[in-house]
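I have placed the structure first, in the form of structure tokens, so that the comments after it can refer back to it.
The values are calculated or read from the model by the stated rules, or taken from the named source; none is laboratory data. Because the structure is a prediction, the values reported are computed rather than measured. All Cβ positions, even for glycine, are placed from backbone atoms using ideal geometry, and neighbour counts span all protein chains on display. Only protein heavy atoms, including side chains, enter the accessible area calculation; ligands, DNA and RNA are left aside. Shrake-Rupley method; radii C 1.70, N 1.55, O 1.52, S 1.80 Å.
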Amino acid sequence: MKSTTLVKILTDANVLPEVDLGAAVKAAETLNTDLEKHLIDQNILSENVLYETIASYYKLPFIDLKQVTIRKDVLEAVPEPLVQVHQVVAYDMDPKKIKLATLDPRDLQTFEFIKKKTGLNPEIALTTPSSIKSALAQFHKGLSATFKEITKESTQTEDGSGEKNLSELAEDVPIIRIVDSMLEYAIFESASDIHIEPQEADLIVRYRIDGRLKQVMTLPKTTQSGIIARIKILANLKIDEHRLPQDGRITLTTKDYKVAFRVSILPVYDGEKAVLRLLNESAQVLTLEQLGLQPKPLGILKRNIKKPHGIILVTGPTGSGKTTTLYTVLNILNKPEVNISTVEDPIEYRMPRVNQSQVNPKIGFTFAGGLRSLLRQDPNIIMVGEIRDNETAEIAANAAMTGHLVLSTLHTNDAVTALPRLGEMGVPSFLIASTTNILMAQRLVRKICLHCIQSYTLSKAAVEDLDKQFDVSFILKTLAREGAIINETTPIESLLFYRGKGCKQCNHEGYKGRIGIYEVLEITHDIADLILNKGTTEDLRRAAQKQGMLTMAEDGFVKSKYGITSIEEVLRVTKE
């Protein structure tokens with residue numbers, strides 16, 4: 001809770017003299033801690049008095065969970081990870097309603113999620129942090145008992161009965177509940193990946209949220225076989241295969257969402273590791289504006305996707321949002337009068353009226369083979385998931401030359417280096433120069449949480465550190481050119497930048513959600529001439545910047561000045 005809101009609540013209730021409250025506010029700011037935590041830690045107010053006052057302000061009942069024994073079925077109605085992160089506990093329920101105790105009565109998103117999950121109307125009461133801890137302790141007692149039930153019999157045998165034991169274990173109700181909670185919680189937290197990692201003594205579950213891995217659960221080693229077996233069954237994989245990698249897919253569909261999980265199982269030293277990539281199939285396709293492109297690069301992209309032929313290449317490392325960008329472009333081009341065909345590995349999103357094919361190297365269906373077959377299907381627009389080899393690169397270039405618009409991705413660090421990479425793949429210079437329309441490099445940066453954003457100025461040490469990695473005067477020129485500041489002679493120390501302090505809405509990370517930073521290189525006559533004359537990467541980069549190309553780092557600094565992301569994030573994703 002914001003300290004200003006808490007000060008108003010305490011002032012209105014008159015539970016503390018103004019002088020004492022003012023001193024507490026200053027002390028909390030000095031110690032960089034939450035006001036409510038400071039009041040409790042320093043015994044200025046008791047925990048119960050503080051939260052009873054907050055409950056009274058919001059006209060909600062107050063409950064001390066330390067005095068309540070919660071039934072096991074009620075406790076487990078809200079998954080343990082949800083309790084840990086969002087500090088909300090179910091303490092009672094009947095056929096129509098579920099009673100929830102929380103520290104934050106404004107966390108409507110969580111209450112709505114619980115309502116959808118249980119089908120019951122939530123009744124909210126306020127409680128204390130120690131009450132939540134007490135409930136979590138009860139939760140762990142319940143889980144311990146559950147795990148004992150799961151692991152009564154051995155799940156690893158060397159004979160033919162092993163499969164039977166694993167099958168039975170995978171259908172065990174506690175295992176089903178653990179896996180279901182794991183998947184649902186990942187959807188709720190907008191995770192992009194789930195990592196289930198066997199260790200020597202336990203099983204670790206980590207989620208990738210906004211590009212960063214975060215440990216959310218540690219489970220007993222005895223649950224490992226059952227959880228992996230359950231995931232294999234859901235993904236239609238061989239339950240008795242433990243020595244070879246396997247790939248599959250799980251789809252969860254409710255009235256609220258349709259999510260596919262791309263499953264990868266890999267044998268490791270302590271068992272089998274499972275990684276599940278979340279693909280939200282019910283998510284709306286973004287517009288080009290929502291991707292986060294600056295006005296000039298956006299205009300270049302819009303102009304080039306209207307061309308009837310040529311290549312549009314998106315480059316960047318794995319997980320940088322290339323596929324999302326290509327699908328956004330495809331969605332704009334997806335009209336009844338054009339034939340769009342794709343070759344992908346794997347098909348991540350389904351798109352109506354688009355003919356999507358998935359490569360299968362085991363039977364010889366490669367990118368090159370699929371692309372060659374597509375050209376006999378009378379396409380107007382072709383999307384190739386990735387250009388990985390010489391053959392695919394050359395066929396794509398020839399397809400662009402013969403009147404097709406080709407969209408694809410390439411693994412390079414920036415837009416300029418994609419040009420020599422194509423040359424290294426054996427594509428002739430004249431083909432690169434004449435068929436490539438634009439090259440677009442991208443990374444994803446985390447967005448500052450809007451609930452806890454705060455401004456600050458760079459210290460002298462921070463400016464010196466920044467100057468070692470980027471020329472500060474060049475950054476100021478870019479900010480001035482893009483209209484983020486009025487004058488490039490303004491000292492960078494006097495400029496306001498932004499960061500997130502950390503709050504419950506963003507799990508105290510300071511960031512929530514991600515957005516792209518881009519550099520868009522249009523192949524103009526000057527760039528084409530350099531390609532034909534086999535110009536070096538540095539020659540191409542100078543020419544690109546001369547014609548006004550905004551680099552990813554520059555785009556990031558503009559976004560950091562506008563309070564969309566932070567300087568730390570830009571440095572994290574762009575540093576060489």
May I ask you to list pairs of residues, at least six apart or on different chains, whose Cβ atoms are under 7 Å apart, with the first in segment 127-139 being at pLDDT below 80 and the second being acidic (Asp, Glu) and open to solvent by less than 30 Å² (accessible area, probe 1.4 Å)? 139/80
Which of the residues that make up segment 443-490 are touching a Lys or Arg at 6+ places or on another chain (Cβ under 7 Å), assigned to a strand (DSSP E or B) and surrounded by 15 or more Cβ atoms within 10 Å (Cβ to Cβ)? 444, 445, 446, 447, 448
Tell me the strands (runs of 3 or more DSSP E) entirely within segment 346-434 that contain at least 1 residues that are free of Cβ contacts under 8 Å to residues at least 12 places away in the same chain. none
Among the listed residues 413, 437, 331, identify the single one that is in contact with a Lys or Arg (Cβ under 9 Å, 6 or more places away or on another chain) and closer than 29 Å to residue 544 by Cβ. 437
Return the pairs, sorted by first residue and then second, in which the second residue is assigned to a helix (DSSP H, G or I) and among the polar types (S, T, N, Q), the first residue lies in segment 220-241 and is over 20 Å from residue 259 (Cβ atoms), the beta carbons are less than 7 Å apart, and the residues are 6+ apart or on different chains. 239/167
Quick one: which of 482, 493, 568, 554 is at pLDDT below 90, closer than 24 Å to residue 441 by Cβ and of a type outside the set (S, T, N, Q)? 482
So, of the residues in segment 338-364 that are touching a strand residue (DSSP E or B) at 6+ places or on another chain (Cβ under 8 Å) and of a type in the set (S, T, N, Q), which turns out to be farthest from residue 380 (Cα to Cα)? 358
Evaluation of residue 311 against (1) without any contact (Cβ under 8 Å) to a residue 40 or more places away in the chain; (2) of a type in the set (Val, Ile, Thr); (3) crowded, with 20+ Cβ neighbours inside 10 Å (one fails), failing number: (1)
Among residues of segment 194-217, those that are modelled with pLDDT of 90 or more, farther than 13 Å from residue 273 by Cα and over 15 Å from the mean Cα position of the chain (by Cα), counted: 1
Residues of segment 314-338 satisfying the condition of being open to solvent by 40 Å² or more (accessible area, probe 1.4 Å) and assigned to a loop (DSSP other than H, G, I, E, B): 317, 318, 319, 335, 336, 337, 338
All positions within segment 89-105 that are surrounded by 15 or more Cβ atoms within 10 Å (Cβ to Cβ) and assigned to a strand (DSSP E or B): 89, 90, 91, 92, 93, 98, 99, 100, 101, 102
Hey, among the residues in segment 70-86 that are farther than 14 Å from residue 185 by Cα and in contact (Cβ under 8 Å) with a residue 60 or more places away in the chain, which one's most open to solvent (accessible area, probe 1.4 Å)? 72
Return only the number of the condition from (1) at pLDDT 85 or above; (2) surrounded by fewer than 16 Cβ atoms within 10 Å (Cβ to Cβ); (3) within 30 Å of residue 185 (Cβ to Cβ) that residue 8 does not satisfy. (3)
Evaluate segment 284-299: report whether one residue or more is surrounded by 16 or more Cβ atoms within 10 Å (Cβ to Cβ) and closer than 24 Å to residue 223 by Cβ. no
Does residue 575 meet the test of being modelled with pLDDT under 90, in contact with a helix residue (DSSP H, G or I) (Cβ under 8 Å, 6 or more places away or on another chain) and open to solvent by 20 Å² or more (accessible area, probe 1.4 Å)? yes
Scanning segment 497-542 for residues that are open to solvent by less than 70 Å² (accessible area, probe 1.4 Å), assigned to a loop (DSSP other than H, G, I, E, B) and not aliphatic (A, V, I, L, M), which turns out nearest to residue 563 (Cα to Cα)? 510
Residues of segment 24-48 being assigned to a helix (DSSP H, G or I), open to solvent by 60 Å² or more (accessible area, probe 1.4 Å) and farther than 23 Å from residue 451 by Cα, which ones? 41
Specify the residue that is modelled with the lowest pLDDT; the eligible residues are those in segment 218-255 that are open to solvent by 20 Å² or more (accessible area, probe 1.4 Å) and under 24 Å from residue 86 (Cα atoms). 255
Condition check: touching a residue at least 24 places away in the same chain (Cβ under 8 Å) and either β-branched (Val, Ile, Thr) or more than 25 Å from residue 3 (Cβ to Cβ) (or both). Does residue 25 satisfy that? no
Residues that are open to solvent by 10 Å² or more (accessible area, probe 1.4 Å), under 16 Å from residue 319 (Cβ atoms) and either without any contact (Cβ under 8 Å) to a residue 24 or more places away in the chain or of a type in the set (Gly, Ala, Ser) (or both), drawn from segment 192-207: 192, 206
Just checking, does segment 521-528 include any residue being hydroxyl-bearing (Ser, Thr, Tyr) and closer than 20 Å to residue 574 by Cβ? no
How many residues of segment 543-567 are open to solvent by 30 Å² or more (accessible area, probe 1.4 Å) and in contact with a Ser or Thr (Cβ under 9 Å, 6 or more places away or on another chain)? The answer is 2
